[in-house]
Structure formats: structure tokens, C-alpha cells
Amino acid sequence: SYTISKRVVRPVKDIISWLRTFPKTGEVPAPQSYNELWELEKTYLEMMNRIAELMEKNQQEMEKQRKLELYALQMQINPHFLYNTLDAIAWMAKIKKEKDIERLVMALAKFFRISLHKGDKFIKVKEEVELVKNFIEIELIRFPNKFMIEYHVDEAVEDCETLKLILQPIVENAIKHGVSMIDHMGKIIINVYPDGDAIVYEVIDNGKGFNIDEALSRQNDRETLSGYGIRNVDERIKLEYGPTYGVEVTSIPNQGTKVTLRIALRP
């Protein structure tokens, strides 16, 4: 009985000793016999290796997050510095009575002021439209007599909350890929109105237009995505409001394009 119990107890003591020292040493003893206890040791070893991998991965993610936070802070500092500089340039232009320079710089400064908005990702609908108006002010100086623009914003949604910087990229695309590529006067119409539980933005232009089927077939093409694809805006809206919201595009070559954004209506 003594011999049998000793044979049973010794492997148990050995594995307990190994379990206590393994986290410090990481050493794995050679198996004395491939029995149930060895299977337990093997499973424990696999578990410890997995824990070590997860800890290493977690450490890497923390380091990555720290770098991203530093980068985000740097990105906030740079625009603030630029905004202050633009403000100073605008005052200098005003003193010297350079009206066009003052107009351009003030529009750009206001654009940065609204887009920064203390780092918040939400602003009011009327601020989003104001941001676009400042952007358009700059574009009209760059492309004089190239296009005209109309705004139709329902007062019912002006003070509602909206995800920031979703309208401006659409308007930029309407200029860059639409009205700037035609030889007659371009026109852009911006409509903003409530629709049930949603806020709808519409950007309509009479520009070059494009074939949607061809654009979709090239959806992995970087130039297409940065232009007509507008994937970034669509993904941001879906991430924030859900899959039922997003961007819809209709277009006819040589006739124009209509881009519709739907977001949840939040007071």
C-alpha cells in the first residue's frame, strides 16, 4: 500500500511543484510517463502559452493606442496653430485693404474653427452647413464664374445633432468630379430636411456625371473611392447610426449626380 500510494502521490507533488515554478522559470520538465497527469501538464502548458501570447498582444495594442493618442493630440495642435496663423494673416490683409486675401483667409479660418469644434465629432446641422459655406467661399475664389450654389435647409433640423464633416466631402466631390469638368455654368443644390426619424442631406449637381455600374466595378480603386465612391462618409455614418443609414448615389453621364445622405434624427 505504501509503495502504491507513493507512486501515486509523487507525480502529483511533482506537477504541483512544476506549476508553482513555471510562471517564474518557464521551464518545462520532461515527462516521466505519458499518463493522465502528463496530459494535465500539457494542457496547462498550452494554456500558459496562450496567456503569454494574449499578454504580449495586449501590450502591443496598448503601445499602439498610446502612439495613436499622441498622434491625435499632434493633429489637434497643428490645426489650432494654423487657425491662429490664418486669423493673424486675415487681420494683416484687412489693414492693407487686400479684400480678396482677407475673404479667402477668413473663410479658411472659419472652416478650421468649425471643423475643430473642440475635438467633438458631433455638431449642429446649421454648423455643418456653415462649414460647407466657408468651403464654397474658398472654391468660388479658386473657380470664379464656374458654378453657382443654392441652399435649402429646413429650420426644423437646424439645431439637431449631426456627425461632423459628412456633407463637405460630398460637396467637394460635386465640384472636383462634376461642375469643374463641364464647359458651361455649373450648379449645385444642397437640400437638408427631416424625413420621419431621419435627417436627409441631398447634394445635386449638373456636372459631368458618371456610370454607377462602372464605378461599382472599380470600387477597390483608390481614385474612385476618393471621388464618386465616398466610402469613407458612408462607413462613418453606418458605424455611428447603423446599417439602415448611409449614402446613396444616383448619376447620369453628362447630366449630373445626386448624392443622398441619411442619418438618424437626434434633437
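Couple of notes before you dig in:
- Consider segment 249-267 and keep the residues that are open to solvent by 60 Å² or more (accessible area, probe 1.4 Å) and part of a strand (DSSP E or B). The one that is modelled with the lowest pLDDT is Arg266.
- Residue ID - modelled with the lowest pLDDT, chosen from residues in segment 221-248 that are touching a Ser or Thr at 6+ places or on another chain (Cβ under 9 Å) and closer than 15 Å to Val203 by Cβ: Tyr228
- Within segment 21-64, tally of residues that are assigned to a helix (DSSP H, G or I), loosely packed, with under 11 Cβ neighbours inside 10 Å and at pLDDT below 75: 4
- Residues of segment 188-212 that turn out to be closer than 9 Å to Gly256 by Cβ and open to solvent by 70 Å² or more (accessible area, probe 1.4 Å), as a count: 1
- The C-beta contact set for segment 221-244 (first residue within 12 Å of Arg262 (Cα to Cα) and open to solvent by 40 Å² or more (accessible area, probe 1.4 Å), second residue aliphatic (A, V, I, L, M) and at pLDDT 90 or above, distance under 6 angstrom, 6+ apart or interchain) comprises Glu240/Leu163.
- Output for segment 150-166, where each listed residue is at pLDDT 95 or above and either touching a helix residue (DSSP H, G or I) at 6+ places or on another chain (Cβ under 6 Å) or crowded, with 21+ Cβ neighbours inside 10 Å (or both): Val153, Val157, Glu158, Cys160, Thr162
- Test result for Ile199, in a helix (DSSP H, G or I) and aliphatic (A, V, I, L, M): no
- Conditions (1) modelled with pLDDT of 75 or more; (2) within 25 Å of the chain's Cα centre (by Cα); (3) open to solvent by 100 Å² or more (accessible area, probe 1.4 Å): number failed by Lys97: (2)
- Leu70 vs. criteria at pLDDT 80 or above, open to solvent by less than 100 Å² (accessible area, probe 1.4 Å), among the hydrophobic types (A, V, I, L, M, F, W, C) and in a helix (DSSP H, G or I): no
The values are calculated or read from the model by the stated rules, or taken from the named source; none is laboratory data. Since the model is a prediction, treat every value here as computed from it, not as a measurement. Using ideal geometry, Cβ is built from the backbone for each residue, glycine included, and neighbour counts are taken over all protein chains shown. In case anyone asks, the SASA skips ligands and DNA or RNA and just uses the protein heavy atoms, side chains included. Shrake-Rupley method; radii C 1.70, N 1.55, O 1.52, S 1.80 Å.
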